[in-house]
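What follows is a set of notes on a single structure, which appears directly below.
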Amino acid sequence: MTSSETLEVAFVSDGTSGATVWDINNGTMLRTYRHTGSIGQNCMSLLANDYLIGADKGPLIQTWPINSQERSHQVRMLCGGKINSLAASPDGLYIAVAISEKLQVWMACSGRLLTTVSRHFQPITIIKWSPDGSYLVTGGEDGLVCVWSLAKLVNTSRSSMPQIFFSGDQTDQSAPNYIFSDHSVRITGIYIGNCTRCIRIFTTSVDKTCKIYDLSTGIMLLSIAFDIIPSSLTVDSVETAAYIGTTAGPIRSFDLTSPPRTRECYISDKESGIKFIGHTKAVTALSVSLFGDTLVSGSTDCTIRTWHVASRQCLRTIQLKEPVMNMILTLIPRQLNANELEPSIILRSFKKTEELENDNVVEAYCYNDLFEEEYDTLGYKEDASMHEDLEKIKTINAKMYEFALHSILKESEPNLKEDIDISSFSMVDLEFDGEKNELSNDDETTEHSTTPKKKKRGRRKSKKNVDDANISNIYKYS
């Protein structure tokens, strides 16, 4: 299969510097993103398929344009501490960052820190967004799973926000919607379903359990216990099967279409007949293809494997130099091989402090804000041409006013010709010129030809007398 026929690609980061893009069908490396350090686990994300962001367990988030192997030095995303985990929202507008046990939400288009909340007692290890971007789910070393509403997080960063009261109890709006404390130790995997009727949350922990929750009610639907520690988790797009990677290497599958009758069940190594055997060490990343027929896994044994789900056979093995830390399976970005990047989002450097601005101010960005001012010359040309037209109209109006003023005051003709260039006037100006000539001709006749007017009047009178005489003669003959 050629690169033009590639439908899905895998963004992979291992223990070496930077990240790479792989074609999972033929095992070809399509692009490399250079970096001096290795990206930490759960610290890599795609920003609206325009940028790749990652953190190397430091306070700085590295940014790569999707079509370039070099980092972007125009944007500096510096957080206030060591980053444990990060994730960008599906629309690319927000970036969630975990610093120790605190959760920060940044706005990518303005670089503002919207809020900082803390409900975990130990560092946060993983952050996941819901497919619609309305919820965040965090898991930590303390075994807690917190479900946050983005609307509350964005609107509770101001101290002037009112409190909500339910049946006499005071509830903080910055608190998460749900806090699941069913796990006892570190959370290793979180998956949020995409079903519109009943959104389910899948979690795995070092306590050898996998739990399923209902997001709308916060009720635990099912708890599955294993005899081995699960290290990663994923679910297919239609949520018919869950795949759990283990620390020993085999990948187990659980059928969601026929769950047990009880809320708790135990699956041993002998009872679990559906396995994907090939990895020799812990599986750190799992993803299912769009059509659900292919499973892609990354492990600390420095390999990426592609599996056929129906037959559980390994289709391809990609050998890497270092253990796989992160893997994102997605549709091939449209601008992956573009010469020039045309971003669909605005990206700004993070501001150092949280600004206290007016709550009633709403920031709005349009598509033209994606480009630099030096390239946006169309609007400048339109403004310049309009300015020139206005200046011409002002000049013509000034000349017309001067012309009318001279005509009223009856100034001399030579001075009028010297002061005004009649060739610069339009058809309207020529009409005024014609009126001027008629006025000048009338003035000359009134000043120098008074006598002929009297003669005309006399002639008219004599003619009238002749007509009267003729009429009287007619009467006489009749």
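The values are calculated or read from the model by the stated rules, or taken from the named source; none is laboratory data. Just so you know, these numbers come straight off a predicted model, no measurement behind them. Please note: Cβ atoms are built from the backbone with ideal geometry, for glycine as well, and neighbour counts cover all protein chains shown. When the accessible area is computed, the model is the full protein with side chains, heavy atoms only, and any ligands, DNA or RNA have been set aside. Shrake-Rupley method; radii C 1.70, N 1.55, O 1.52, S 1.80 Å.
Descriptive notes on the structure:
Yes or no, residue by residue, for (1) at pLDDT 90 or above; (2) out of contact with any Lys or Arg (no Cβ under 6 Å at 6 or more places or on another chain):
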residue: PHE165; (1), (2): no, yes
residue: GLY168; (1), (2): no, yes
residue: ASP172; (1), (2): no, yes
residue: ILE179; (1), (2): yes, yes
residue: HIS183; (1), (2): yes, yes
residue: CYS198; (1), (2): no, yes
residue: LYS211; (1), (2): yes, yes
residue: SER231; (1), (2): yes, yes
residue: ILE244; (1), (2): yes, no
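- Residues located in segment 227-270, provided they are hydroxyl-bearing (Ser, Thr, Tyr), in a strand (DSSP E or B) and open to solvent by 30 Å² or more (accessible area, probe 1.4 Å): TYR266
- Every residue from segment 303-347 that is assigned to a strand (DSSP E or B) and among the hydrophobic types (A, V, I, L, M, F, W, C): ILE304, TRP307, CYS314, LEU315, ILE318, VAL324, MET325, MET327, ILE328, LEU329, LEU331
- When residues of segment 181-208 are limited to those that are of a type outside the set (A, V, I, L, M, F, W, C) and open to solvent by less than 20 Å² (accessible area, probe 1.4 Å), the one farthest from TRP129 (Cα to Cα): HIS183
- Filter result for SER287 (open to solvent by less than 60 Å² (accessible area, probe 1.4 Å), closer than 26 Å to THR6 by Cα and not in a loop (DSSP other than H, G, I, E, B)): yes
- Identity of the residue in segment 44-55, more than 21 Å from THR188 (Cβ to Cβ) and either in contact with a strand residue (DSSP E or B) (Cβ under 7 Å, 6 or more places away or on another chain) or at pLDDT below 90 (or both), that ends up surrounded by the most Cβ atoms within 10 Å (Cβ to Cβ): LEU52
- Residue within segment 25-43 that is closer than 18 Å to TRP129 by Cα, touching a residue at least 12 places away in the same chain (Cβ under 8 Å) and crowded, with 20+ Cβ neighbours inside 10 Å present: yes
- The one condition in (1) more than 25 Å from VAL288 (Cα to Cα); (2) open to solvent by 10 Å² or more (accessible area, probe 1.4 Å); (3) of a type in the set (Val, Ile, Thr) that THR115 fails to fulfil: (2)
- Leading residue by the ranking (modelled with the lowest pLDDT) among those in segment 88-101 that are among the small types (Gly, Ala, Ser) and open to solvent by less than 10 Å² (accessible area, probe 1.4 Å): GLY92
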